[in-house]
Amino acid sequence: MLDVQSVKPIDTSPQGGVVAAVRALAARELPPLVNTIDVDGHYPEAQMRSFGRLGAYAQHLPGYSPSVDLVSAIQAMAAAGEHCLSTSFCMWCQDALGWY
């Protein structure tokens, strides 16, 4: 039997698109880098820049996204964190810098 409460609606908003795009990029590019990031201290600059091009760091900034949306900013960080917590933390740092 299908548990209706566990079904998540499809988010077609611009912000939802950003989170989905971050999730797809992270799933494709982060898994092969996780050990290098965590063990060797590699900074995933190319991926971080790609997240920025997708709009991941603009979701919570007035004037840079259609609306100020802290939830989407957090969801974008969490999407990367599904594959690499260190990269997710770097995204938080980037978001915090922009916020302040």
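The values are calculated or read from the model by the stated rules, or taken from the named source; none is laboratory data. All of these numbers come straight from a predicted model, not from anything done at the bench. Glycine also receives a Cβ, built like all others from the backbone with ideal geometry; neighbour counts cover every protein chain displayed. The area values use the complete protein model at the heavy-atom level, side chains included, leaving out ligands, DNA and RNA. Shrake-Rupley method; radii C 1.70, N 1.55, O 1.52, S 1.80 Å.
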Can you name the residue in segment 66-87 that is open to solvent by less than 20 Å² (accessible area, probe 1.4 Å) and of a type in the set (S, T, N, Q) and, of all such residues, is nearest to residue 40 (Cα to Cα)? 87
Which count do you get for residues in segment 82-100 that are assigned to a loop (DSSP other than H, G, I, E, B), of a type outside the set (Asp, Glu) and out of contact with any Leu (no Cβ under 6 Å at 6 or more places or on another chain)? 1
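Please specify each residue of segment 49-65 satisfying the condition of being open to solvent by less than 60 Å² (accessible area, probe 1.4 Å), touching a Phe, Trp or Tyr at 6+ places or on another chain (Cβ under 9 Å) and on the phi < 0 side of the Ramachandran plot.
Step one: filter segment 49-65 for residues open to solvent by less than 60 Å² (accessible area, probe 1.4 Å), giving 50-52, 55-61, 65.
Filter again for touching a Phe, Trp or Tyr at 6+ places or on another chain (Cβ under 9 Å), leaving 51, 55, 57-58, 60-61.
Selection gives 51, 57, 58, 60, 61.
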